[in-house]
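Report on the structure given below.
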Amino acid sequence: MTESRRRKAPLVADKRYPSKGRKPTAAKRAAKPAGKKAAARKTTTRKITRKKTRRKSGGNGGGFFRRLFRWVWRVFWGITWRVGAVAAMLLALAVGVVYTSLPDVDALLDGRARGSVTLLDRNGKVFAWRGDQFGGVITADTVSPHLKNAVVATEDKRFYRHFGVSPRGVASAVRINLSEGRGPLSGHGGSTITQQTAKLLCLGVPYVPSEWESEAAYESDCRQGSLWRKAKEAVYAIAMEVKYSKDEILTIYLNRAFLGAGARGFEAASQRYFGISAAEVNPAQSAMLAGLLVAPTRYAPTNNLQRSQERARLVIGLMEAQDYLTTAQASQARNNPAQLSDAAAARAGGYFADWVITELPSFFGTDSKDDVVIKTTLDQRIQTSAEEALKYIFQEKVRQGSEAQAAIVVMSADGAVRGMVGGRKTRVSGAFNRATQALRQTGSSFKPFVYATALELGYSPLDTVVDEPYCINIPGSGQWCPKNYTNKYYGRVTLADALKNSLNIPAVKVAEVAGLDNVRTVASGFGIESDLAQGPALALGASESTLIEMTGAYAGILNGGSSVEPYGLSELKLLGDEAPVMVKSTGIGERVINDKAAKQLTWMMERVVSEGTGGRAQLPGWQVAGKTGTTQAARDAWFIGFTADYVTGVWMGYDDNTPLSGVTGGGLPAEIWKETMLRVTEGMTPTPLPMVAPDPPVRTAQPQQQRRRQGRGFEEAINNLFKNIFGN
């Protein structure tokens, strides 16, 4: 029984076919699939989760907006990348077009529309520049490292890291402009050095004179700051970055930048201001040159050295901050600011330089396409003497605030101009030159030509004339009665005394005796080319002339009676050529009066200074001949005189013809003359004047009406003498 009660072991078949009604074991139930109920439970769970999510997101509307946002973003991105791709392609195409038009670097280094004129004094030293100066090519490799660093530190500190345009720089510039109350593109431009170079190249548009009103109008158009212009500038800059290396771009910039005083490029500016190459400048000089880039005319050291030095200190600070200078180097540069060269500081002969240029053919002067070097007659020591004398007199002897003007010309007997001052402001260029441009009545300074005519006709300085009330009937004008400056009459006087005391009536009578036409002929022969008065007032200087004409005419008296053409150019060469294009060694022309007459006239004029109206012009130890001149109502005052070596003319007056107060030719003009010549003759050995004492008197000069009553024989003899000398 025990055996029967035991459970029988299942058969193999039983394992294959489970018994009906037998429940699966727990393990089998666990392995069994979940079935429909499990799937339902999972679906229910997901629905609950979605409902919770919807509840949190605001319901079905949140999903809509999310889908809408995703759709808008996909559209926007699709349009943006396509537009960006098209823009990039157009930019690449534009850059490519500009790239193909860019020439070699060497063709871009000298972009001047006109040449330069360099003026040398009589000793061969540079004293002035005109036109656009270009000192020669300087490269980023050969320029002083300090100058290269100063330019980069000042203009574009990320120059070697950007691709031609600096978005950061533009954004910074816009921010600064807006903060300063300007438009976003007004003022600071945020331009890189590459963009500035593109602007200097005018985006590749050359200057064609026939297409522009002036070069200034062309340059103004190149500098305009419109948005479209900025875009074109950016394209051009990127093309340059593709075409050229960074140092090549910097080389173009260094050679084309305008730096004031007519200097194009840093080599020209360095030579102009410091007299050395841009390869040799020190940190202080480099900072001053780099500081000019922001405003060349304003910060040019020849205009205001102190302002230029202050600007340089800011540049030194930038160089120090960017580690281009050590603290010690920066301190050294600040404590020893850059100074101008002697030639630049002197700015000598501004009026003289302008005059020389205007005397040249235009293709060698104002319109020169070549670089011209002119050796002139200027003596810088004499020029300085004249400038200092004028300054001294106006400081010491003219009331403060006076607007009276003055001019001085110093020349040799052959017409070589050694010094010229055209106004009280001596450090100028392009200013109105009262020595060469102002036509003024000459007054009694014309009288020597009246007596020169009489001496040429055979009269002696000791011949006499009666100083008495005298009237002349002038057709169409009525009676004219000249008077002396003193309103007195001195009776019978010699011609020498009449000139010495500048008596008017004797001068008129002598002119009548000699013939007004003859007087005009002699004056014109001596170089007074202005229209000469037709009536008897000619003798009293009613005609107008310039100071340089009058000084040149007196030089003709000094040289023995030959005409003189004042000149300032002695030699002209094209830069690099050995043979001169023009040479001039003298201004002496044809003889006007004979040597004896000239020397007798010099004797008469010496007495004007030693005994007469020109006494204030006396030079200790020197013989001086000259003549004063004062016009009606004292609108002009003159003194022109000479030693054996130099002729100096002085004019004084107002530009608007306001009468001078208490000034005559024998006053302040004579004192200016003396102060000038004291400085000019310093250290020189006195030389006697070329003069001779007069022959004994032989006749009395009388006006034409009185002479007729004494018979016609003498008149005919004088006329015959004149015909023999001057011809019919």
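Odds and ends about this structure:
- Among residues of segment 87-140 being of a type in the set (Asp, Glu) and within 23 Å of Gln196 (Cβ to Cβ), the one that is least open to solvent (accessible area, probe 1.4 Å) is Asp132.
- Consider segment 376-428 and keep the residues that are touching a Lys or Arg at 6+ places or on another chain (Cβ under 7 Å) and assigned to a loop (DSSP other than H, G, I, E, B). The one that is most open to solvent (accessible area, probe 1.4 Å) is Arg427.
- Test: residue in segment 549-559 that is in a helix (DSSP H, G or I), free of Cβ contacts under 8 Å to residues at least 24 places away in the same chain, open to solvent by 20 Å² or more (accessible area, probe 1.4 Å) and not small (Gly, Ala, Ser): yes
- Hits in segment 470-483 - residues which are free of Cβ contacts under 8 Å to residues at least 24 places away in the same chain and of a type outside the set (Gly, Ala, Ser): Cys471, Asn473, Pro475, Gln479, Cys481, Lys483
- Filtered residue count, segment 484-496, keeping only those that are within 20 Å of Thr464 (Cβ to Cβ) and within 50 Å of the chain's Cα centre (by Cα): 3
- Residue in segment 89-108 that is aromatic (Phe, Trp, Tyr) and either part of a loop (DSSP other than H, G, I, E, B) or at pLDDT below 85 (or both) present: no
- Criterion violated by Asn282 - all others in (1) in contact (Cβ under 8 Å) with a residue 24 or more places away in the chain; (2) of a type in the set (S, T, N, Q); (3) out of contact with any helix residue (DSSP H, G or I) (no Cβ under 8 Å at 6 or more places or on another chain) satisfied: (3)
- Of everything in segment 131-146 that is outside any loop (DSSP other than H, G, I, E, B) and at pLDDT 80 or above, the residue that is farthest from the chain's Cα centre (by Cα) is Pro145.
- For Thr118: the one exception among (1) among the polar types (S, T, N, Q); (2) at pLDDT 90 or above; (3) touching a Phe, Trp or Tyr at 6+ places or on another chain (Cβ under 8 Å): (2)
- Condition check for Ile593: of a type in the set (A, V, I, L, M), more than 39 Å from the chain's Cα centre (by Cα), over 18 Å from Asn501 (Cβ atoms) and open to solvent by less than 10 Å² (accessible area, probe 1.4 Å): yes
- In the set (1) modelled with pLDDT under 90; (2) under 28 Å from Val428 (Cα atoms); (3) assigned to a loop (DSSP other than H, G, I, E, B), Glu219 fails one condition alone, (3).
- Selected residue (criterion: least open to solvent (accessible area, probe 1.4 Å)) from residues of segment 212-238 that are touching a Gly at 6+ places or on another chain (Cβ under 9 Å) and among the small types (Gly, Ala, Ser): Ala237
- Single residue of Met691, Met677 found to be surrounded by 14 or more Cβ atoms within 10 Å (Cβ to Cβ), at pLDDT 95 or above and farther than 23 Å from Gly422 by Cα: Met691
- Qualifying residue in segment 330-342 (condition: over 30 Å from Asn149 (Cα atoms) and open to solvent by less than 10 Å² (accessible area, probe 1.4 Å)): no
- Just one of the listed residues (Thr377, Thr366) is modelled with pLDDT under 95 and either under 16 Å from Gln285 (Cβ atoms) or of a type outside the set (Lys, Arg) (or both), and it is Thr366.
- Unmet criterion (only one of (1) open to solvent by 20 Å² or more (accessible area, probe 1.4 Å); (2) hydrophobic (A, V, I, L, M, F, W, C); (3) in a loop (DSSP other than H, G, I, E, B)) for Ala633: (3)
- Residues that are of a type in the set (Gly, Ala, Ser) and either at negative phi or in contact with a Gly (Cβ under 6 Å, 6 or more places away or on another chain) (or both), drawn from segment 239-261: Ala239, Ser245, Ala257
- Output for segment 625-663, where each listed residue is in contact with a helix residue (DSSP H, G or I) (Cβ under 7 Å, 6 or more places away or on another chain), more than 19 Å from Glu606 (Cα to Cα) and among the polar types (S, T, N, Q): Thr631
- Restricting attention to segment 563-586, the residues that are of a type in the set (Gly, Ala, Ser) and buried (at least 16 other Cβ atoms within 10 Å of the Cβ) add up to 3.
- Number of positions in segment 579-625 that are on the phi > 0 side of the Ramachandran plot and not in a loop (DSSP other than H, G, I, E, B): 0
- Filtered residue count, segment 445-481, keeping only those that are under 52 Å from the mean Cα position of the chain (by Cα), within 18 Å of Gly515 (Cα to Cα) and either hydroxyl-bearing (Ser, Thr, Tyr) or crowded, with 18+ Cβ neighbours inside 10 Å (or both): 13
This table checks each residue for (1) over 30 Å from Pro688 (Cβ atoms); (2) at pLDDT 95 or above.
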position	(1), (2)
Ile474	yes, no
Ser477	yes, no
Asn484	yes, no
Lys500	no, yes
Val508	yes, yes
Ala511	yes, yes
Phe526	no, yes
Met550	no, yes
Gly556	no, yes
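- Taking segment 310-320 as the range and being in contact (Cβ under 8 Å) with a residue 40 or more places away in the chain and open to solvent by 20 Å² or more (accessible area, probe 1.4 Å) as the test, only Leu318 passes.
- Flag for Gly422 being touching a strand residue (DSSP E or B) at 6+ places or on another chain (Cβ under 7 Å) and at positive phi: no
- Of the helices (runs of 4 or more DSSP H) that lie entirely inside segment 243-306, those containing 2 or more residues that are open to solvent by less than 40 Å² (accessible area, probe 1.4 Å) and of a type in the set (D, E, K, R) span 266-274.
The values are calculated or read from the model by the stated rules, or taken from the named source; none is laboratory data. Computed from a predicted structure; not experimentally measured. All Cβ positions, even for glycine, are placed from backbone atoms using ideal geometry, and neighbour counts span all protein chains on display. The area values use the complete protein model at the heavy-atom level, side chains included, leaving out ligands, DNA and RNA. Shrake-Rupley method; radii C 1.70, N 1.55, O 1.52, S 1.80 Å.
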